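Q: Mind looking over this structure? Questions follow.
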Amino acid sequence: KKIYFYLSSFYTENRLNDYDFSTSFEAVYSPYTQLNISVGPGYSKSFNSAQWVDNIEDPTAVKTYGYRYVLSDLKQDMISANIRVNWTFTPKLSLQLFLQPLLAVGKYSNFKEFISPGGNETSLYGENGSVISYNNDDNAYTIDPDGSGAGKEFTIDNPDFNFKSLKANLVLRWEALPGSVFYFVWTHNRQNFDDPGRFSLKRDFSNLWSSESDNVLLIKFSYWLDE
C-alpha cells in the first residue's frame, strides 16, 4: 500500500497513584518504490511521587545513616517526533533526511525526605516543624528539616526543567565510480531551556525556533583503488 499507519498507547499506575501514559502514531507514505516518507509523533505524561532530588549529609539524621534523602513529586510532559525521508533517485544517487524535534518539561513539588530506610513513608518539608522557602533570585530552595532542632539547614537548586531541541541530518550519497562514493552531509542542532517547569506547546516551540543553532557541512569522498 502507498500509505499505512501505526498507533500504540499504554497506561500504567501503581498503589502510590504514580502513573505513566504514552501514545505514539506513525504514518508511512510511499508513493512509489524510490521514495519513502515517515512521520512519527509521540506524547507521554507521567507522575512520580518519589523522585530522587539529592542526598544531604547530616549527622543528626541517625535513622537514615547520616544522610537526608530528598525526594519530591515530579510531573513530566514530553512531545517528540521522528521524521524520515529516503529518496533513491537512481541506483547511484540517493538522499536521506532525518528530523527530530523534542520537548520535555518537568515540574518538581512537595519536597520531602524518607523517614526510615526500607519503606515508603516520608516527611513533607513545611510540616511537623520543618521549614521550606523559595528564593527567586537564586532559583533555589532553602530547607530546615526540623525547625528549631539540631538538623542543619541546607539549600537545593530548583530542579524544574524545560528542555527543547531540534536535530536534523541530511545525507546525499553519489556513487561517482564503481566503489567510489561522494557524501554531502548537513547537520543541524538547536536547544532551548527557557521557562523551566512550565509547559506550553505554542510558546515552547516558538522559543526553540528563535534560539541559536549549530550547522555543520561535511564533504567526504571515498575512492576505491583497483589493485
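The values are calculated or read from the model by the stated rules, or taken from the named source; none is laboratory data. All of these numbers come straight from a predicted model, not from anything done at the bench. Glycine gets a Cβ as well: all are built from the backbone with ideal geometry, and neighbour counts include every protein chain shown. SASA here: full protein model, heavy atoms, side chains in, ligands and nucleic acids out. Shrake-Rupley method; radii C 1.70, N 1.55, O 1.52, S 1.80 Å.
Q: Among the residues of the range 147-165, what is the count of those that are touching a residue at least 60 places away in the same chain (Cβ under 8 Å) and open to solvent by 30 Å² or more (accessible area, probe 1.4 Å)?
A: 5
Q: Can you pull out the residues in the range 2-32 that are assigned to a loop (DSSP other than H, G, I, E, B) and either of a type in the set (A, V, I, L, M) or without any contact (Cβ under 8 Å) to a residue 24 or more places away in the chain (or both)?
A: N14, R15, L16
Q: Which condition does S123 not pass, out of (1) touching a strand residue (DSSP E or B) at 6+ places or on another chain (Cβ under 7 Å); (2) in contact (Cβ under 8 Å) with a residue 24 or more places away in the chain; (3) open to solvent by 30 Å² or more (accessible area, probe 1.4 Å), if it passes all the others?
A: Of (1) touching a strand residue (DSSP E or B) at 6+ places or on another chain (Cβ under 7 Å); (2) in contact (Cβ under 8 Å) with a residue 24 or more places away in the chain; (3) open to solvent by 30 Å² or more (accessible area, probe 1.4 Å), only one is false for S123: (2).
Q: Something else about it: So which residues in the range 133-162 are among the aliphatic types (A, V, I, L, M), at pLDDT 90 or above and under 21 Å from G66 (Cβ atoms), if there are any at all?
A: Answer for the range 133-162, where residues must be among the aliphatic types (A, V, I, L, M), at pLDDT 90 or above and under 21 Å from G66 (Cβ atoms): I143, I156.
Q: Within the range 4-49, track down each residue that is open to solvent by 80 Å² or more (accessible area, probe 1.4 Å) and among the β-branched types (V, I, T).
A: Result: T33, single match.
Q: State whether one or more residues within the range 70-85 are open to solvent by less than 60 Å² (accessible area, probe 1.4 Å), in contact with a Pro (Cβ under 8 Å, 6 or more places away or on another chain) and over 30 Å from V185 (Cα atoms).
A: The answer is yes; a qualifying residue exists.
Q: Go through the range 77-178 and tell me which strands (runs of 3 or more DSSP E), entirely inside it, have 3 or more residues that are touching a helix residue (DSSP H, G or I) at 6+ places or on another chain (Cβ under 9 Å) and under 30 Å from V216 (Cβ atoms).
A: Ranges flagged: 93-114, 161-177.
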